[in-house]
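Below is one structure, written out as C-alpha cells; the observations come after it.
The values are calculated or read from the model by the stated rules, or taken from the named source; none is laboratory data. Please read all numbers here as calculations on a predicted model, not as lab measurements. Every residue, glycine among them, receives a Cβ derived from its backbone with ideal geometry; neighbour counts consider all protein chains shown. All accessible areas refer to the heavy atoms of the entire protein, side chains included, with ligands and DNA or RNA removed. Shrake-Rupley method; radii C 1.70, N 1.55, O 1.52, S 1.80 Å.
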Amino acid sequence: MALIKCENVSVGYEGQTVIKDLNFQIANGDYLCIVGENGSGKSTLVKSILGLKAVEKGRIVFGDGLRQTEIGYLPQQTEVQKDFPASVYEVVLSGRLNSRGLRPFYTAQDRRTVYEKMEMLGIHALSRQCFRDLSGGQKQRVLLARALCATKKLLLLDEPVTGLDPIVTGEFYQLLCKINREQKIAVVMVSHDVESAVEYASHILHLSEDTQFFGTAAAYQKSRAGKTFLGGEAYV
Amino acid sequence: MFETVAQMLSYPFMVRAFLVGSLVALCSALLGVSLVLKRYSMIGDGLSHVGFGALAVATAVNAAPLSVAIPIVVLAAILLLRIRSNTRIKGDAATAMISTGALAVGVMVISMTTGMNTDVYNYMFGSILAMSAQDVKLSLILCAVVLILYVFFYQKIFAVTFDETFALATGVRANLYNTMIAVLTAVTIVLGMRMMGALLVSSLIIFPALTSMRLCKTFKSVIISAGVLSVICLVVGLILSYFCAAPAGASVVLVNLTAFLVYSVLGIARNARRG
C-alpha cells in the first residue's frame, strides 16, 4: 500500500482547472520531485495533498498508517517570519503540535524529540538563537527540523532552496538524501531545479499544460518531457 | 509619600481604575503580540471605533453600556477578520470604512440625543471615573476568561501566529484560533475603551508588543515582557494622571511611548556593540 495515492485528481485555482486527471503514488522511502513551469499547479497540488484545498475531481488516498495531519510540511517562507521574535527551539517545538490534540502543554518526550531532530540537522548549538537572525540555510534547517518533528513517514517541501546560494543548496540536498535513506522517510519536493531533481530523486512528476509525466528519474531523462525540460532548448 | 499614595487609593474610583486597568492592560498586551506579528494591528483601532458607536447607541436607549457594546464589537471583530481573509476586498480599506462608519453613527446618535457634551469627550479620550462597581465585576470575569484561554491555547496561538499554513497542515484549526483572538480582542477593547478612550485604547494592544520586540528574542519572553511592561506603564500613567490632573488615556499612552523609545535606544545600542 502506498503512503499517498492520487486517483484521477483534478485541481485548480480561481475557477481554472490546472491539473487534469492526475494519477501517481508515493511509496515508503520514495524520493519524488514535482517539477514544471510556473502556474502548472505544483503548489496547488501540494495544498490539496495537505488538505488545505479541496480537489475538483478524483481523490487522494492515504495509506500505510499515514494520516493527513502527519505530513512533515516545509512551506515557502512568509513575510511575517522575517522579523518574528522566536527562538529556534520554539519554532522546532511547534512541529510537535499535531501529536498534542487538545492538551495544552508539551511533554518531556516532545522536548526529547526536538533535541534529537536538532542534533540530527546540526542546529543544536543554535537552539537559543532568534530565528530571524539566522542565515537562509540555517532557517531552512530549522524549518526542516520542525517538519521532522511532525512526521515519521513523509516530508513535503515546497521549493525549499529558493534564495539559497549554490553551496548551501548542495548541503541541503545532501541532508535530505541522508534523511531519506537513513530514516526511511519519503520525500516529496516541489522544485525548479530539474538537474538536481534528476540527480537525487527516485521518481519525477512533471506537470505542464499539455503533458504529464510520472515515473522513475531514469525514465524521465529518456522521456520527451524530460528531454525538453532538461536540455535547455527553447521551451517557453 | 506614603500618605499621598494612601490618599489616592482612598478614592474608590482610583482603586477600580487600577484594578480593571491593570487587567485590561495585561490582556491587551498578550493579544497584541499576535495581532502585531500577524499585521492585524489596525483591527484594534477599527474595533475601538465600533465600540464608540455602540456605547453611544447604548447611552441613547438607556441600556447598560457594556452589555450592548460587547456583542456588537465581537460581531464586528468576526466580520473584520472575514474581510481580511477575503483577498478580493482590501482588508485595510475595509477596516477604515467600518471604523469611520461606526464613528459617524456614534457622533450622529449623540448629537441627536444628548448633544455634543462632555460625554462625547469622555468616550473619545477616556475618563478615569467611567467604571461603576458592576462594570468592575464584569471586567474581572472577562479578563480572567481571556487569561485562562490564552494560557490554555498558548502553543496553538504561537503556531498560528508564526506560520498559519504549517499549523493548518498539521491539523490545527487556525481559523478557530484567529477568531478566538479577534473575539478576545473585542472584549478587551470594550473593557478598556471607557478608561482609555476610543481613540487611544488601541495603544494598549500595539505599544507593549512593539516595545518588547526591540529587545526580546523569543516569543515567550516577548509575551512576558509585554504583559509586565503594559501593567507597569498603565499604573505609572494613572499615577501621573492623578497627580497632574491629566487625562488618564493620554498619560498612559505617553508613558508607553517613553518606554518604547527607551527600549529602542537600548536595542540599537546592543546591536551596535555586537557588530
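Some observations on this one:
- Quarter of the Cα convex hull surface for region A:73-166, i.e. its orientation-mean projected area (nm²): 6.4 nm²
- Take the Cβ atoms of B:K217 and B:K90, set R0 to 25 Å, and the FRET efficiency comes out at 0.15.
- Extent of region A:168-236 along its three principal axes (Cα atoms, max minus min coordinate, largest first): 37, 24, 19 Å.
- Highest to lowest packing among A:105-112, A:141-148, A:23-30, scored as the average C-beta count within 10 Å: A:141-148, A:23-30, A:105-112
- Computed over all pairs of different Cα atoms, the Kirkwood value for the hydrodynamic radius of region A:1-81 is 13.6 Å.
- Per residue of A:64-71, other chain Cβ atoms within 10 Å of the residue Cβ number 2 on average.
- Amide H contacts under 5 Å for A:L74, placed H, 5+ residues apart: A:L156, A:L157, A:D158
- Among A:I49, B:I268, the order of accessible area from largest down is B:I268, A:I49, computed with a 1.4 Å probe on protein heavy atoms.
- Gain on full stretching of the segment that runs from B:A63 to B:S111 - 0.36 nm per residue minus C-alpha separation: 15.5 nm
- Karplus-derived 3J(HN,Hα), 6.51/-1.76/1.60, for each residue of region B:72-82, Hz, glycine and proline x: 5, 5, 4, 4, 4, 4, 5, 4, 4, 5, 4
- Counted charge near B:R214, where neighbours are those whose Cβ lies closer than 15 Å (Asp, Glu -1; Lys, Arg +1): +3
- Hz values of 3J(HN,Hα) by residue in region A:184-191 - Karplus curve (6.51, -1.76, 1.60), Gly and Pro given as x: 6, 9, 5, 10, 10, 10, 7, 8
- For the protein assembly as shown, calculated [θ]222 nm from helices alone, where every DSSP H run of n ≥ 4 adds -39500 (n - 2.57): -20000 deg cm²/dmol
- Projected-area mean, chain A, by convex hull of Cα positions, square nanometres: 13.5 nm²
- For peptide B:216-226, the mean count of partner chain Cβ atoms within 10 Å of a residue's Cβ comes to 4.
- For region B:225-275, fraction of C-alpha pairs farther apart than 19 Å, in %: 37 percent
- Solvent-accessible area, 1.4 Å probe, carbon plus sulfur percent, for chain B: 71 percent
- Taking all protein chains into account, the per residue accessible area for region B:2-274 stands at 43 Å² (1.4 Å probe).
- Distant-in-sequence amide H partners of A:G51 (H built 1.01 Å from N, under 5 Å): none
- Equivalent ellipsoid semi-axes - Cα gyration tensor, region B:2-274, angstrom: 28, 25, 17
- Residue with peak Gaussian network fluctuation, chain B [Cα springs, cutoff 10 Å], from B:V222, B:V252, B:V61: B:V61
- Normalising the Debye intensity of the protein assembly as shown to I(0), with uniform scatterers on Cα atoms only, and taking log10 at q = 0.11 Å⁻¹ returns -0.96.
- Scanning residues 5 or more positions from A:N28 or on other chains, those with amide H under 5 Å from its amide H are A:L3, with H placed 1.01 Å from N in the peptide plane.
- Reachable lysines from A:K5, criterion Cα separation under 26 angstrom, eight or more residues apart if same chain: A:K20, A:K42, A:K47, A:K53, A:K57, A:K152, A:K153, A:K178, A:K184, A:K222
- Applied to region A:67-84, the Karplus parametrisation 6.51 cos²θ - 1.76 cosθ + 1.60 on θ = phi - 60° returns per-residue 3J(HN,Hα) values of 9, 4, 7, 10, 8, x, 9, 10, x, 5, 5, 9, 4, 4, 6, 5, 10, 8 Hz, with x for Gly and Pro.
- Calculated Rg and Dmax of region B:156-274 using C-alpha coordinates, Å: 16.7, 54
- Sparse packing (at most 13 other Cβ atoms within 10 Å of the Cβ) combined with a DSSP loop state is found for the following trypsin sites (Lys or Arg not before Pro) in region A:1-98: A:R67.
- Here chain A is scanned for GluC sites (Glu not before Pro) in DSSP loops (not H, G, I, E, B) that have at most 11 other Cβ atoms within 10 Å, and the longest stretch holding none of them is A:15-232.
- B:T100 accessible area, assembled protein chains, probe 1.4 Å, Å²: 80 Å²
- Per-residue surface analysis assigns A:F84 an accessible area of about 0 Å², computed on protein heavy atoms at 1.4 Å probe radius.
- The alpha carbons of region A:98-236 occupy a box of 53, 31, 27 Å along the principal axes, longest dimension given first.
- Taking every residue in A:92-102 and counting other chain Cβ atoms within 10 Å of its Cβ, the average works out to 5.
- Chain B packed on chain A takes about 2800 Å² of accessible surface away from a 1.4 Å probe, both sides summed.
- Ligands, DNA and RNA aside, A:H203 has an accessible area near 40 Å² when probed at 1.4 Å.
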